[in-house]
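Colleague: The structure under discussion is supplied below as structure tokens; questions concerning it will follow.
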Amino acid sequence: MRTTRVLAASAVSAVAVATLGVAAPVAVARDGMGANPSNIVVLPAVIARGGQITVTVDGCPTGGTMTSNAFRQANLTPIQGANQTSKGTATIDDNARPGTYDITVNCSGRTLTRPAAFTVIGGVRGGLGGSTTAGATPTDMAIGGGLVAAALLGGGLFWMRRRAERRI
């Protein structure tokens, strides 16, 4: 009987130690001491002004912030089910100049900068089909005139040949 009590007490102690051992790293990570940001991924890598980028950071279990010269500070939030990964979105400023930009993340007081993380391109001219001229250029006129002349010549030859076949 005495052995049973000792074994039961040992089992309870073992469960308590195991639970504390598993919970301790989680508590340290939630305090931010386990934060070590790495692997900054920016998608898409090329974006127009006014577009949105998505940033994911490994080693950032409690979230944080991200900054760049191309957008205002944005928040990173932890991804549920992902091991120490945070994610956030940012909108590129309409007045951002085309070029490559760095991005800096701050997770629990630790910072990491990824140089040339994404590229901003100039905006498109919507509604104009991408055109920048007001009319046809002289080259366009020459090509069009050549095509019309070829069509008239081909049509004339076809008509003359069909006319000759009817006389036979």
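The values are calculated or read from the model by the stated rules, or taken from the named source; none is laboratory data. Just so it is clear, the model here is predicted, and its values are computed rather than measured. Quick reminder, even Gly has a Cβ in these numbers, built from the backbone with ideal geometry, and neighbours come from all protein chains shown. Heavy atoms of the whole protein, side chains included, go into the accessibility calculation; ligands, DNA and RNA do not. Shrake-Rupley method; radii C 1.70, N 1.55, O 1.52, S 1.80 Å.
Colleague: If I ask for residues that are buried (at least 17 other Cβ atoms within 10 Å of the Cβ) and at pLDDT 90 or above, which ones from the stretch 6-50 would you list?
Modeller: I40, V42, I47, R49
Colleague: A further question follows. Quick check on the stretch 74-85. Is at least one of its residues in contact with a Phe, Trp or Tyr (Cβ under 9 Å, 6 or more places away or on another chain), open to solvent by less than 90 Å² (accessible area, probe 1.4 Å) and at pLDDT 90 or above? Break it down into steps so the answer makes sense when it comes.
Modeller: Filtering the stretch 74-85 for residues in contact with a Phe, Trp or Tyr (Cβ under 9 Å, 6 or more places away or on another chain) gives none.
No, the stretch 74-85 has no match at all.
Colleague: Where residues in the stretch 51-73 are farther than 17 Å from R97 by Cα and of a type in the set (V, I, T), which of them is surrounded by the most Cβ atoms within 10 Å (Cβ to Cβ)?
Modeller: To start, the set of residues in the stretch 51-73 that are farther than 17 Å from R97 by Cα comprises 54-66, 73.
Next, only the ones that are of a type in the set (V, I, T) stay: 54-57, 62, 65.
Values: T54: 12, V55: 22, T56: 18, V57: 27, T62: 17, T65: 15.
So, considering only residues that are farther than 17 Å from R97 by Cα and of a type in the set (V, I, T), the one surrounded by the most Cβ atoms within 10 Å (Cβ to Cβ) is V57.
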